[in-house]
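Undergrad: Quick one: the structure is below, questions incoming.
Laboratory data are not the source of any read-out in this text; all were calculated from the coordinates shown. Source: prediction; values computed, not measured. Here the Cβ is made from the backbone with ideal geometry for all residues, glycine too, and neighbour counts use every protein chain on show.
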Amino acid sequence: MLYLGTSGWPQEGDWAELSPRKRRERYFDLFNSVEILTTYRRIPDWDLVSRRRAQAPAGFVYSWLAPRYLTYRESGAELRSLRRFLKRHTRLGRARGGVRFLVPASVAVKDFTGWLEMLARLELPGKYAFVTSDELAPLLKPYPWVRVNSAGRWRYQLDKEPPPQAGFAYYSRLAAALRQQKKVAPQRR
């Protein structure tokens, strides 16, 4: 299944004048997914996650951007932060999409190897996609996770055409997402 939408809620043009509720309703009519960017700054509280889950129409999913404070180095504090974040994402239930992790270029191979092992030990399965350096990308191969904008078991694409057959495709501009939606809509019926 292809989940297609925008990276962040649209704010441009006449969308800016809509109330949050109207903006969501309009968005739900057009797309089946959105990548939530506010999770980069703050993990949503349990109530907000529950409300988003209840608001999502059948077949709609929310993908999240991982928090900026993750270090991608194995530690007890990192484990607690990661678990807290992913448990909230899991709470979305049927409305749970992917998670995009932004791995800083400064992270060493040894550190990222341990971090990936820690993530696997959490046993919180999900569609995890990573923005990584070329040096770190091969470390993902033993896991069911992928590198953003790369071929894999499934795809997580940002601002890249054409969208994959299955996975997630998000666009930073509403016009680009709408263009792709028109192309794939006949295939989805």
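Undergrad: Going down the list Lys87/Lys182; Lys110/Lys160; Lys87/Lys141, which pairs span over 26 Å between their C-alpha atoms? Walk me through the numbers before you get to the answer.
TA: Working: Lys87/Lys182 34 Å; Lys110/Lys160 30 Å; Lys87/Lys141 24 Å.
Correct reply: Lys87/Lys182; Lys110/Lys160.
Undergrad: What is the local net charge at Ala108, summed over the other residues whose Cβ is closer than 11 Å to its Cβ (Lys, Arg +1; Asp, Glu -1)?
TA: Local net charge: 0.
Undergrad: Also, quick follow-up: Mind pulling the angle between the C-alpha long axis of helix 76-90 and the longest principal axis of the chain? Nearest 10 degrees, somewhere in 0 to 90.
TA: For helix 76-90, the angle is close to 30 degrees.
Undergrad: Continuing with this model, one more query. List the relative contact order of the chain as a percent without decimals, with contacts defined as Cα pairs under 8 Å and 6+ residues apart. Don't skip to the end; give the middle numbers.
TA: Numbers: 292 pairs, mean separation 45.5, N = 189.
It rounds to 24 percent for the chain.
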